[in-house]
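The structure under discussion appears below in the form of structure tokens.
Derivation of every value follows stated rules applied to the coordinates shown; laboratory data play no part. Every value quoted in this text rests on a predicted model; they were computed, and no experiment measured them. Because the Cβ atoms are built from the backbone with ideal geometry, glycine has one as well, and the counts that use them run over all protein chains shown.
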């Protein structure tokens, strides 16, 4: 007899796509007339999974972040994959913002998602496995109901569904 149908809930981001978005944003900032002569930098650290934005003023920092988010949207990335880690003063009046790239589901959010699934009172089992959640059940319709419920809720990170079996 075959196993029960199942799928995994994950939060993954393709680092190559993020690298491309950062590079395109840097090119656009270099070519924009209103940013000429200003010290603006966007750096991607793949090891630490962070994006650092350096700008001369808070207003400019917000504009640079908007440009970066526009590139994310064009490539199909969710803005929720970036979480502001810290904002600090840099040399002079400059401001440095360090954004963390969200990768994986943390334990607290995983528990909340499992609780939301169990509150549906369907015959499905949800289990936390490292940084992902495995959902299995006897009926595919129940699994589809779980997927639509999760898509309908607004979680603080982007969630994807993989490993359909």
Using only the alpha-carbon atoms, how far is helix 140-152 inclined from the longest principal axis of the chain? Give it as 0 to 90 degrees, nearest 10. 30 degrees
Do the sum for the chain: with -39,500 (n - 2.57) for every DSSP H run of n ≥ 4, divided by all residues, what is the mean residue ellipticity at 222 nm, to the nearest 500 deg cm²/dmol? -12000 deg cm²/dmol
Dmax and Rg, reported as Rg then Dmax, of the chain (C-alpha, Å): 19.7, 69
Arrange the following residues from fewest to most other Cβ atoms within 10 Å of their Cβ: 72, 161, 35. 161, 35, 72
Enter the angle in degrees (range 0 to 90, nearest 10) between the Cα long axis of helix 58-74 and the first principal axis of the Cα atoms of the chain, meaning the one along which they spread out most. 50 degrees
Relative contact order computed over the chain (Cα-Cα under 8 Å; 6+ residues apart), in percent: 33 percent
Compute the distance from the alpha-carbon center of region 6-45 to that of region 96-165, in whole Å. 27 Å
Order of 119, 142 from fewest to most other C-beta atoms within 10 Å? 119, 142
So what's the angle, to the nearest 10 degrees on a 0 to 90 scale, between helix 107-119 and the longest Cα principal axis of the chain? 40 degrees
Within 10 Å of each residue's Cβ, count the other Cβ atoms and sort 6, 127 from fewest upward. 127, 6
Ratio Rg/Rh, restricted to region 15-101 and using Cα atoms, in which Rh is the Kirkwood radius: 0.94
